[in-house]
Amino acid sequence: MIACADAVKQLWDYLDRTLPEIDRVRVQEHLEVCRTCCGELEFAQELQAFLAAQRDDEIPPDARARLEALLADLKES
């Protein structure tokens, strides 16, 4: 089973369905047993849904920039 750090690094690609099949399966297997990473997944899903539901002009530019920076940091860590 992959480590939490590896699962979290791949989480956004997992949600975007851009991971290769073998990596997707490894992340899925990890999420099935790790409560900590399941919490990360739930947060990411809620944030993704919130952002998808907003129109571009509804999020102030400074808030959008902070969210994009946060998402980039999460993806890289």
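A short reminder: the numbers here are calculations on the coordinates, not readings from a lab. Given the structure is predicted, the values throughout are model-derived calculations rather than measurements. Don't worry about glycine lacking a Cβ; one is built from the backbone with ideal geometry, like all the others, and counts go over all protein chains shown.
Values for this structure:
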| read-out | value |
| --- | --- |
| In the range 58-75, residue farthest from GLN10 (Cα to Cα) [restricted to those that are hydrophobic (A, V, I, L, M, F, W, C) and assigned to a helix (DSSP H, G or I)] | ALA63 |
| Per-region count, the range 6-43, residues more than 13 Å from LYS75 (Cβ to Cβ) and in contact (Cβ under 8 Å) with a residue 40 or more places away in the chain | 0 |
| Within the range 34-57, considering residues that are outside any helix (DSSP H, G or I) and more than 26 Å from MET1 (Cα to Cα), the one farthest from the chain's Cα centre (by Cα) | ARG55 |
